[in-house]
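Below is one structure; the comments refer to it alone.
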Amino acid sequence: MTANGEDVLKLILGNKAYSSWSMRGWLAVKASGLDFEELVVPLYNDTWDERREGDEFAPSSGKVPLLWHDETVVWDSLAIIEYCADLTSREHYWPEDLAARAMARSMAAEMHSGFSALRRECPMNVRRNVPTPDLSDEAVADINRVLTLWAQARARHGSGGPFLFGGWSAVDMMYAPVVTRFLTWSIPVPPFARQYMSDVLRHPHVAQWIDAAQDEPWVIEQFEGGKGTA
């Protein structure tokens with residue numbers, strides 16, 4: 001607990017350069033406005049297997065991100081979003097309009113469960129920018145689906161601001177790592193998507209995450225130009 005008796009939020013993360021799910025969980029906790037401690041645990045280094053077998057990681061079977069709030073534990077980025085919304089205000093995370101909120105939740109869930117080819121062929125690495133690789137038909141289909149969802153959200157519900165549903169919301173947090181992937185892998189996108197990507201990258205929370213990643217000493221070779229699943 002803190003000195004004033006409030007329970008402490010502690011967020012356990014993987015590398016900020018590579019861990020897309022950690023980024024989503026961190027953005028969720030940042031959006032809450034609550035103070036929290038963060039612990040970055042380097043993925044796949046010599047102590048990774050030993051560390052993930054400890055008690056802190058037990059609830060998630062060694063996966064990150066993992067949020068502890070006193071004796072309460074929440075793992076999985078989307079669950080962390082919902083927990084933080086319950087702690088503070090759902091207005092920080094989801095559009096007020098019912099139809100917009102339904103679409104935002106559907107898009108967040110699709111990001112959560114889909115786009116496996118894009119994840120595999122364009123792993124997250126916020127420290128690099130490389131020429132567009134040769135992508136499979138499946139990865140191209142994933143990219144086109146993302147762009148379609150972005151276009152539909154902006155057209156239907158984005159008039160109130162620069163993000164997918166106007167204001168910064170959970171669905172932007174879920175797609176922020178995709179924005180970094182598109183940038184890293186030089187994925188061609190239409191003008192509206194370039195503008196949206198620029199606005200996401202300028203969001204202070206996203207900028208803070210990317211800045212912190214630049215100072216990390218760890219390098220995972222499988223994500224340095226090759227294919228992976230981060």
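The values are calculated or read from the model by the stated rules, or taken from the named source; none is laboratory data. No experiment lies behind these values; they were computed from the predicted model shown. Because the Cβ atoms are built from the backbone with ideal geometry, glycine has one as well, and the counts that use them run over all protein chains shown. Protein only, heavy atoms only, side chains kept; ligands, DNA and RNA dropped before computing areas. Shrake-Rupley method; radii C 1.70, N 1.55, O 1.52, S 1.80 Å.
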Residue among ILE187, ILE143 that is β-branched (Val, Ile, Thr), part of a helix (DSSP H, G or I), modelled with pLDDT of 95 or more and farther than 30 Å from ASP35 by Cβ: ILE143
Considering only residues that are aromatic (Phe, Trp, Tyr) and closer than 23 Å to TYR18 by Cβ, look in the range 182-195 and name the one that is farthest from the chain's Cα centre (by Cα). TRP185
Could you give every pair whose Cβ atoms fall below 8 Å, whose first residue belongs to the range 110-139 and is farther than 19 Å from ARG24 by Cβ, and whose second residue is hydroxyl-bearing (Ser, Thr, Tyr) and open to solvent by less than 10 Å² (accessible area, probe 1.4 Å), counting only separations of at least 6 or pairs across chains? ARG128/THR184; ASN129/THR184; VAL130/THR184
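Which one of PRO123, PRO177, PRO133, PRO95 is modelled with pLDDT under 95 and either buried (at least 20 other Cβ atoms within 10 Å of the Cβ) or at positive phi (or both)? Before you say what the answer is, go through the steps one by one.
Values: PRO177 fails: modelled with pLDDT under 95; PRO133 fails: either buried (at least 20 other Cβ atoms within 10 Å of the Cβ) or at positive phi (or both); PRO95 fails: modelled with pLDDT under 95.
That would be PRO123, the only listed residue that is modelled with pLDDT under 95 and either buried (at least 20 other Cβ atoms within 10 Å of the Cβ) or at positive phi (or both).
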List, please: which pairs have Cβ atoms under 8 Å, are six or more places apart or on different chains, and start with a residue in the range 141-163 that is under 15 Å from ARG105 (Cβ atoms) and without any contact (Cβ under 8 Å) to a residue 60 or more places away in the chain and end with one that is acidic (Asp, Glu) and assigned to a helix (DSSP H, G or I)? LEU149/GLU110
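Looking only at the range 81-102, count how many residues are in a helix (DSSP H, G or I) and free of Cβ contacts under 8 Å to residues at least 60 places away in the same chain.
Let us first name the residues in the range 81-102 that are in a helix (DSSP H, G or I), namely 81-87, 90-92, 98-102.
Narrowing the set further to residues that are free of Cβ contacts under 8 Å to residues at least 60 places away in the same chain leaves 82-84, 86-87, 90-91, 98-99, 101-102.
Residues in the range 81-102 being in a helix (DSSP H, G or I) and free of Cβ contacts under 8 Å to residues at least 60 places away in the same chain: 11 in total.
Name the residue, out of ALA117, ALA153, ALA170, that is among the hydrophobic types (A, V, I, L, M, F, W, C) and in contact with a Leu (Cβ under 7 Å, 6 or more places away or on another chain).
Details: ALA117 fails: in contact with a Leu (Cβ under 7 Å, 6 or more places away or on another chain); ALA170 fails: in contact with a Leu (Cβ under 7 Å, 6 or more places away or on another chain).
Among ALA117, ALA153, ALA170, only ALA153 is among the hydrophobic types (A, V, I, L, M, F, W, C) and in contact with a Leu (Cβ under 7 Å, 6 or more places away or on another chain).
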Of all residues in the range 152-174, which are of a type in the set (A, V, I, L, M) and either assigned to a loop (DSSP other than H, G, I, E, B) or open to solvent by less than 40 Å² (accessible area, probe 1.4 Å) (or both)? ALA153, LEU164, ALA170, VAL171, MET173, MET174
